[in-house]
1. Name the pairs: first residue in the range 489-505 and over 24 Å from ARG580 (Cα atoms), second residue among the hydroxyl-bearing types (Ser, Thr, Tyr), Cβ to Cβ under 8 Å, at least 6 apart or on different chains?
2. Given the criterion away from the ligand (no atom under 15 Å from the Cβ), more than 27 Å from ILE211 (Cα to Cα), touching a residue at least 12 places away in the same chain (Cβ under 8 Å) and not in a strand (DSSP E or B), identify the matching residue among ALA285, ALA307.
3. Restricting the search to the range 116-137, which residues are touching a strand residue (DSSP E or B) at 6+ places or on another chain (Cβ under 9 Å), closer than 25 Å to HIS36 by Cα and not in a loop (DSSP other than H, G, I, E, B)?
4. Taking the range 56-109 only, how many residues are within 16 Å of the ligand (Cβ to nearest atom) and either farther than 22 Å from VAL149 by Cβ or hydroxyl-bearing (Ser, Thr, Tyr) (or both)?
5. Would you say LEU566 is among the hydrophobic types (A, V, I, L, M, F, W, C), part of a strand (DSSP E or B) and over 30 Å from THR460 (Cα atoms)?
6. State the number of residues belonging to the range 563-594 that are β-branched (Val, Ile, Thr) and farther than 17 Å from LYS617 by Cβ.
7. List every residue pair whose Cβ atoms sit under 8 Å apart, with the two residues 6 or more apart in sequence or on different chains, where the first one lies in the range 241-266 and is among the charged types (D, E, K, R) and the second, anywhere, is in a helix (DSSP H, G or I) and away from the ligand (no atom under 14 Å from the Cβ).
8. Inside the range 90-115, can you point out the residues that are more than 21 Å from VAL140 (Cβ to Cβ) and part of a strand (DSSP E or B)?
Amino acid sequence: MIDKPLTKLFSPIKIGTMELKNRIALAPMDTNYANHDGTVSEQYHAYIEARAKGGAGLLILEVTSIDGKYPYVPNTVGMWDDKQIAPMRRLTDAIHACGSRLIPQISHPGPESVCFLYNVQPVGPSPTMCFTYKTTCREVSVEEIHHIVEQFGDAARRARESGCDGIELHSAHCYMLLGSFISALRNKRSDAYGGSIESRLRIHLEVLKNIQAKAGRDFPIVMRLSGDELTPGGRDIEETKYIAPILVEAGVHAFHISSGTFPQMSWRILPPHGTPMGLNVPYAAAVKEVVKVPVFTVGRINDPRLAESILERNQADVIVMGRALLADPELPNKAAKGQLDDITPCIGCGLGCIAGRETRMMTCLMNPSVGREKEMALTPAAKPKKVMVIGGGPGGLHAAMVAAKRGHEVTLYEKQDRVGGQFNLAVIPPGKQELTKATQFLAHQVAKAGVKVHLNSEVTPATVDKEKPDVAIVATGGEALILNIPGVKERHVVTAHDVLSGKVRRPYGDVLIIGGGMVGLETAEFLANPGHNPIVGRTSVTVIEMLGNVGMDMVPEGRTLLMERLHEAQVRILTNRKVREILKDGVLVVDTIVETKPDRTVVCKEGDKEEAIRGMKTIVLAMGAKSVDVLSAELKGKVPEVYVIGDAKKPRKALEAIAEAAEVARKI
Ligand SMILES: Cc1cc2nc3c(=O)[nH]c(=O)nc-3n(C[C@H](O)[C@H](O)[C@H](O)COP(=O)(O)O)c2cc1C
């Protein structure tokens with residue numbers, strides 16, 4: 001509960017002729033939920049409608065193609081064909097019934113089109129590298145520009161005929177067509193559409209005019225801009241301040257300000273945990289100084305209290321939330337009621353929403369119901385059962401929470417003295433503390449739902465015999481994998497789990513980490529301290545990885561930042577080396593040849609060059625995890641329903657553990 005009502009956040013605002021009931025907007029996020037012909041699918045409809053029902057005043061739809069060429073994620077909604085109007089109309093009707101407003105983010109994907117998959121070369125202001133796929137685009141001709149300008153107007157007209165309340169024009173991030181034209185980083189033209197900022201803006205002014213002609217001057221237009229591209233040679237905030245009044249004069253009704261470019265500063269566009277909250281607020285505030293129209297801000301504003309304070313300080317007029325509304329579509333309703341502790345937090349992990357999004361549908365670690373709103377709706381259990389959840393990691397906690405909310409009698413057993421499981425280790429490395437929000441939230445909800453929690457309780461078959469549950473959910477997690485390499489049992493060999501948990505004394509001196517996945521790299525950062533420190537001494541870290549690259553199990557934006565920090569901390573990274581033997585003062589490695597097959601499977605073969613890496617005091621194993629499940633086989637036959645979830649089933653990430661928990665807890 002909060003004492004202070006969020007008055008500003010829940011006050012109305014007008015964007016041109018469009019009135020919003022509050023200041024919370026859903027950020028445009030490509031989902032891969034739409035039909036391939038660009039029509040709104042049932043899945044996309046349900047996803048957006050859930051966010052309107054959750055109370056957001058404005059829904060900005062994902063990047064919405066205007067010409068049938070798809071952006072990065074291929075199944076996105078489109079506005080290039082009249083047949084897209086009817087399904088969009090059904091969506092806008094549903095959104096209006098909730099009292100919310102909806103605008104599609106209309107865009108020409110330009111260099112970021114995946115049309116080359118169909119043997120069509122993407123276009124851009126100039127021939128440049130396409131960021132999302134390793135290909136180049138060709139320079140769009142002036143004749144084609146005229147055609148594209150018409151396409152923008154036609155798309156806006158369709159948006160209006162679909163009942164949309166306006167449109168957003170995507171011109172940010174040195175990305176897609178408009179964002180590329182406006183930035184000198186990609187616009188190298190010497191004709192009327194390139195060179196000075198006025199010329200780089202020409203296509204925008206023509207687009208605005210065409211939209212006004214076809215959709216009406218009163219049809220609200222929001223423009224998304226990078227306040228500052230923060231990339232050498234790119235646009236800066238002074239240029240944005242210069243162009244904002246020109247754009248208002250040309251018909252823009254509001255600005256949606258982010259920052260950064262693809263790919264150099266993409267972490268600012270998709271900011272991972274550990275990056276500052278509200279990181280674009282200063283740029284929105286700067287734009288507000290020069291225009292009278294509303295200015296939106298976006299990026300890591302997950303807490304309604306932060307949103308309120310940004311509005312109170314007059315740094316922005318509308319708060320755009322992306323991942324926070326994936327994690328909890330009900331955030332606005334809960335915030336309005338002061339139920340802040342009940343808001344499922346976004347932890348900025350990016351595992352469900354960002355990683356691999358070009359090949360799969362968007363999901364969310366904290367909320368596996370995203371994109372499955374209908375099928376995952378919580379229904380009361382047909383017959384309340386006695387449910388025993390064994391293991392209090394994120395999977396076990398989530399399963400217990402959902403089962404209890406459905407009316408089951410749930411008891412959770414955790415063998416440690418606190419819940420959280422392997423997540424308690426994941427939060428130890430620098431920049432990861434935000435992940436504690438997940439465990440805190442789940443622990444709070446579990447208690448609130450009436451789950452009986454037994455800590456320091458290792459479950460044995462005898463415990464189960466005594467409890468006689470109808471259902472057992474085995475969520476006993478995983479532990480460090482220790483491969484059988486000669487020397488692995490020596491005293492100077494420890495696991496990353498041991499180091500992070502504090503089970504062993506913090507190693508110092510020269511440390512070698514075997515395994516360059518996320519755990520190995522984060523442990524390297526945790527330990528690295530190349531200078532002298534009177535308390536922990538000097539720690540120089542070397543990481544050895546058998547593949548050709550490290551951190552490949554990480555979200556790209558988080559990986560980029562971690563690699564920069566590891567570089568600063570002078571961590572040495574050696575790839576293409578497989579450890580054959582652990583020596584008293586190092587390791588014996590052999591080189592590897594790594595091949596990626598067309599189906600993306602990776603084959604790693606040993607070469608014949610052996611090498612000894614010596615001078616190491618401690619060897620840390622970060623080779624992955626293995627399942628811990630000593631119970632399920634024993635319980636089958638004794639307990640009517642037995643389920644194994646998460647790492648206990650197969651070592652993966654909390655994303656999978658929670659997804660399986662969500663499924664199982666709905667099934668029982
Ligand atoms: C899965 C995903 C897809 C995104 N797709 C788009 C998009 O289509 N258009 C766009 O302008 N921004 C896109 N973004 C950026 C978001 O609009 C937003 O700026 C970003 O998520 C930061 O805000 P947040 O911290 O509130 O999530 C996307 C972000 C995510 C996580």
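The values are calculated or read from the model by the stated rules, or taken from the named source; none is laboratory data. Treat the numbers as computed from the prediction; the structure is a model and nothing was measured. Because the Cβ atoms are built from the backbone with ideal geometry, glycine has one as well, and the counts that use them run over all protein chains shown.
1. Correct list of pairs: LEU500/THR523.
2. One residue alone meets the criteria, ALA285.
3. PHE116, VAL123, GLY124, CYS130, THR135, THR136
4. Number of matching residues: 16.
5. no
6. Looking only at that region, the number is 7.
7. LYS241/ALA286; LYS241/VAL287
8. Across the range 90-115, the qualifying residues are ARG101, LEU102, ILE103, PRO104.
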